[in-house]
1. Can you pull out the residues in segment 36-61 that are within 27 Å of the chain's Cα centre (by Cα) and either outside any helix (DSSP H, G or I) or of a type in the set (Val, Ile, Thr) (or both)?
2. Taking only segment 80-102 into account, find how many residues are exposed (fewer than 14 other Cβ atoms within 10 Å of the Cβ) and in a loop (DSSP other than H, G, I, E, B).
3. If I go through segment 10-32 residue by residue, how many of them are among the hydroxyl-bearing types (Ser, Thr, Tyr) and either surrounded by 13 or more Cβ atoms within 10 Å (Cβ to Cβ) or outside any loop (DSSP other than H, G, I, E, B) (or both)?
4. Is it fair to say GLU132 is at pLDDT below 85, over 19 Å from LEU28 (Cβ atoms) and either outside any helix (DSSP H, G or I) or not aliphatic (A, V, I, L, M) (or both)?
5. Residues in segment 40-60: is at least one within 18 Å of THR13 (Cβ to Cβ) and assigned by TED's automatic domain parsing to the domain that holds ALA9?
6. Considering segment 103-129 alone, what residues qualify as being among the charged types (D, E, K, R) and in a helix (DSSP H, G or I)?
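The values are calculated or read from the model by the stated rules, or taken from the named source; none is laboratory data. Note that the structure is a prediction, hence the values are computed from the model and not measured. So basically every Cβ, Gly included, is an ideal-geometry build from the backbone, and we count neighbours across all protein chains shown.
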Amino acid sequence: MQGVIDDVAFDVTFFNGFAMYESASYVLMAPKGAVANTFVVSKKWMDTLPADLQELILTTAKDIVENLQYDYLGQIQDKSWENMKANGVEQLEPSAEFLAVMRQASQTVHDKYLGTDPQAKEIYNDLKEWAEKTK
């Protein structure tokens with residue numbers, strides 16, 4: 001035994017959707033964080049649309065994210081976990097000691113990220129706020 005962990009970082013919906021449980025039957029429940037859906041369209045395509053239609057797309061996407069996404073994603077995640085558990089997946093809760101070691105080991109990356117760009121701290125704070133909403 002070499003002490004190596006085979007790992008892949010997936011959101012539960014991807015893990016379930018791609019049937020990763022067929023080859024990985026244990027899921028370490030860390031880190032726990034937010035799952036953010038994104039809306040992506042081509043700028044070239046968007047610029048071809050009339051201004052009122054562009055505004056409709058943007059306001060609709062914002063409304064979905066702010067008012068519907070959290071409940072929807074929660075339901076999808078719950079269903080994904082139910083299916084994965086039915087297929088033999090075991091959730092492993094990390095110890096407080098393990099989490100402390102992980103936080104310490106990743107602190108330099110965290111600090112480096114926040115110092116890379118003036119907007120990094122703002123983006124980080126926004127992501128942290130969204131993560132709190134999804135707990």
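1. Hits for segment 36-61 are ALA36, ASN37, THR38, PHE39, VAL40, VAL41, SER42, ILE57, THR59, THR60.
2. Number of matching residues: 4.
3. The qualifying residues number 3.
4. On the way: at pLDDT below 85: yes; over 19 Å from LEU28 (Cβ atoms): yes; either outside any helix (DSSP H, G or I) or not aliphatic (A, V, I, L, M) (or both): yes.
When the stated conditions are applied, GLU132 passes them.
5. Just the residues of segment 40-60 that are within 18 Å of THR13 (Cβ to Cβ), to begin with: 40.
The next check asks that each one be assigned by TED's automatic domain parsing to the domain that holds ALA9; those that pass are 40.
Yes, that holds for at least one residue.
6. ARG103, ASP111, LYS112, LYS121, GLU122, ASP126, LYS128, GLU129
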